[in-house]
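**Q** Dumping the structure here so I can ask a few things about it.
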Amino acid sequence: MGLDWRRYHEATKHTPERLRRTAHALDWDNMPNPFRHYEGVPVFDLPADPAAPEIAAWDVLRGCFGTEPAADAVQLLSQLLFYSASISATKVVPSTGYRYALRVNPSSGNLHPTEFHFATRGLDGWPDGLYHYRPSQHMAEQRGRGDFGFAAPITVVLTTIAWREAWKYGDRAYRYCLLDIGHAWEAVELSGRAMGWRCSVVGSFDDGEVAARLGAAPDEWPMLILELDHATTGIGGGASDLMGGTPNELSDSPELPELIEPFHEATCGPGPEWRVEQQAGSGQPMGGRAFGETVRGRRSALDFVGGDRTMTFQQFIALLSVATVPWITVFVYVHRVAGLAPGVYKYTGDLELIRAGDQRVAAAGLSLGQGLAGNACAAFSIIADLEGVTARYGDRGYRYAHFAAGALGQRLYIAAGALGLGATGIGAFFDDRVNSYLHIDHGQVIYHFAVGYPVQDERLEA
Ligand SMILES: Cc1cc2nc3c(=O)[nH]c(=O)nc-3n(C[C@H](O)[C@H](O)[C@H](O)COP(=O)(O)O)c2cc1C
């Protein structure tokens, strides 16, 4: 039986009482493998370290298109994924020597529930078919040959494996899965744009039908379809041969907590069309830090230096310029922005001071006591009109609001990197306390974010 968004959302709020009550011990032996492989199918190499797009990160954020640097289809696919989904660094835990991979796209708890499938059509020198991206080796698993009914030359289908997040975060994990999908969407869209490709996003589709077309493992749920440059003819009709491959088991006993599956079911079914067409920006490129370097160097700050180092007002305004999204309003806890008094501001094109004074303790406290929200130069509460979006799209609208918030977060990460700052997405906060602190009577907090000067992370290897 389905579970509506209100009940799911209410049941997955963080409150101090719930945190005290739930002692969720992690079962390390049952930790899900962060990498899915489909075994027994041909695997194609994607060239490591492909040529970097020749465009500045800020110009891509402003909507400018780069020119395609790829020599052929293999290079093109390699670039698209290298700058959106691949492994970009390693961390080593000093006490144990345990190493783990970090990727271009961020993920709550670094658990990476998002899988990248893609279908190709009419690319020169690359067989039409269905592929799964293998980030651990930067390779493409060829899961089918022929026409899988996706119209664009490249169609990326993002799926989520809720168990990966739920292992750690329980029922609240579904929210993180949706936010992560939003990050991955924006990562693909920006990477495509940097190479001169336009991305259209489709969220309304028949989940069962798309899952069947992908032949994906049952623990993978399709979430978003990203069509890169659909200048070709309409949906296929050609023959297809799905080899599929055998998905690896991610852990011995995957078991979802009780609310995720019923709520996921409530969000299935296409509902009214939800499609986002990418808008081309206007104006001449302005230059600045290169796109490739910025996205490959994107990292979540462990914490920020605090003290009295300020962000300039121009940097602050530039960050806000990437944060305008339908159904979403951004509130900013200004700690240290030159020329702007500390306080909480509501941003709706203009800045409106809604609480004056030092907000460092409040911002950290509301973010579940995470100091980084107070040590940043500015922290954000991202508020979605969940009533409005679900009235329009049904429970599936809950997905869309989170996708949009995740995409906004990804733009903030890249904008911060382009401006020489660090950033961290924050999925853990006291929901109701945030709402009441910000005097919100319509809408719900769904994401937090912090931007500032990052502390050095000793665990990071290039
Ligand atoms: C949706 C989402 C929620 C996150 N929540 C938190 C958080 O509450 N606290 C935190 O320190 N980091 C948080 N992060 C950052 C992740 O821990 C980080 O992305 C992950 O460890 C991978 O590191 P990287 O971003 O440097 O690749 C979040 C990231 C995302 C995408």
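**Q** Name the long-range amide H neighbours of Cys199: under 5 Å, sequence gap of 5 or more, or other chain; modelled H, no Pro or chain starts.
**A** Result for Cys199 returns Asp229, Gln278.
**Q** Right, next: Restricting things to alpha carbons, tell me how big segment 13-123 is in terms of Rg and Dmax, in Å.
**A** 19.3, 58
**Q** Here is a further query. Round to the nearest 0.05 the FRET efficiency obtained for Val361 and Ala239 when R0 = 56 Å and r is the Cβ-Cβ distance. Walk me through the numbers on the way to the answer.
**A** On the way: r = 63 Å, r/R0 = 1.13.
After rounding to 0.05, the efficiency reads 0.30.
**Q** Does segment 388-438 come out rounded, prolate or oblate, given a ≥ b ≥ c as the square roots of the eigenvalues of its C-alpha gyration tensor, rounded meaning a/c under 1.5 and, failing that, prolate meaning a/b above b/c?
**A** Details: a/c = 3.19, a/b = 1.49, b/c = 2.14.
It is oblate, given that a/c is not under 1.5 and a/b is not larger than b/c.
**Q** Per 5 Å bin, what percent of the C-alpha pairs of segment 327-393 does each bin hold, from zero upward?
**A** With a bin width of 5 Å, the distribution comes to 4, 18, 24, 21, 15, 9, 6, 3, 0.
**Q** Please sort 80-91, 319-330, 179-190, 4-15 by packing, taking for each peptide the average over its residues of neighbouring beta carbons within 10 angstrom, highest first.
**A** Numbers: 80-91: 21.7, 319-330: 18.3, 179-190: 27.4, 4-15: 16.7.
Ranked from most to least packed, the peptides come out as 179-190, 80-91, 319-330, 4-15.
**Q** Round to a whole number: what % of the accessible area of the chain belongs to carbon and sulfur, probe 1.4 Å? Present the calculation step by step, with values, prior to reporting the outcome.
**A** Working: 9240 of 18000 Å².
Its accessible area is 51 percent carbon and sulfur atoms.
**Q** Could I ask something else about it? Compute and list, largest first, the equivalent-ellipsoid semi-axes of the chain from the alpha carbon gyration tensor, each √(5λ) rounded to a whole angstrom. Intermediate values should be presented prior to the final figure.
**A** Values: eigenvalues 220, 133, 96 Å².
Semi-axes (√(5λ), whole Å): 33, 26, 22.
**Q** Further question: Please name whichever of Leu158, Ala401, His335 sits farthest to the positive end of the charge dipole of the chain, dipole taken about the Cα centre and charges placed at Cβ: Lys and Arg +1, Asp and Glu -1.
**A** It is His335.
**Q** Kindly provide the helix-only [θ] at 222 nm of the chain, computed as the sum of -39,500 (n - 2.57) over DSSP H runs of four or more divided by all residues, to the nearest 500 deg cm²/dmol?
**A** Working: 15 runs with 138 residues, N = 462.
The per-residue figure over the chain is -8500 deg cm²/dmol.
**Q** Quick check for me: using +1 on Lys/Arg Cβ and -1 on Asp/Glu Cβ, what's the dipole size of segment 299-461 about its Cα centre, in debye to the nearest 20? Walk me through the numbers on the way to the answer.
**A** Working: 12 positive and 14 negative charges, 41 e Å.
Approximately 200 debye in magnitude.
**Q** Another question, if that's okay. Over segment 5-277, what portion of Cα pair distances is larger than 22 Å, expressed as a whole percent? Intermediate results must be reported in sequence, preceding the final value.
**A** On the way: 21561 of 37128 pairs.
The answer is 58 percent, as a whole percent.
**Q** Step through the residues of segment 146-153 one at a time and calculate ³J(HN,Hα) from phi using the Karplus curve (6.51 cos²θ - 1.76 cosθ + 1.60, θ = phi - 60°), rounding each to whole Hz and writing x for Gly and Pro.
**A** My calculation for segment 146-153 gives x, 9, 9, x, 9, 7, 6, x Hz in order.
**Q** More than 23 Å apart: what percent of Cα pairs in segment 150-255 qualify? Numbers along the way, then the final one.
**A** On the way: 2054 of 5565 pairs.
The proportion of pairs with Cα distances above 23 Å equals 37 percent.
**Q** Heavy-atom accessible area per residue, the chain, 1.4 Å probe: how many Å²?
**A** Roughly 39 Å² per residue, with all protein chains present.
**Q** Work out the length of the dipole vector of segment 358-443 about its Cα centre, built from +1 on the beta-carbon of each Lys and Arg and -1 on the beta-carbon of each Asp and Glu, and round it to the nearest 20 debye. Before the final figure, lay out each step's value.
**A** On the way: 6 positive and 7 negative charges, 62 e Å.
So the dipole magnitude of segment 358-443 works out to roughly 300 debye.
**Q** Would you report the distance distribution of C-alpha pairs in segment 299-461 as whole percents per 10 angstrom bin, up to the bin with the largest distance?
**A** 11, 43, 35, 10, 1
The values are calculated or read from the model by the stated rules, or taken from the named source; none is laboratory data. All values reported here derive from a predicted model rather than from experimental measurement. Here the Cβ is made from the backbone with ideal geometry for all residues, glycine too, and neighbour counts use every protein chain on show. Just so you know, the surface numbers come from the protein's heavy atoms only, side chains and all, with ligands and any DNA or RNA stripped out. Shrake-Rupley method; radii C 1.70, N 1.55, O 1.52, S 1.80 Å.
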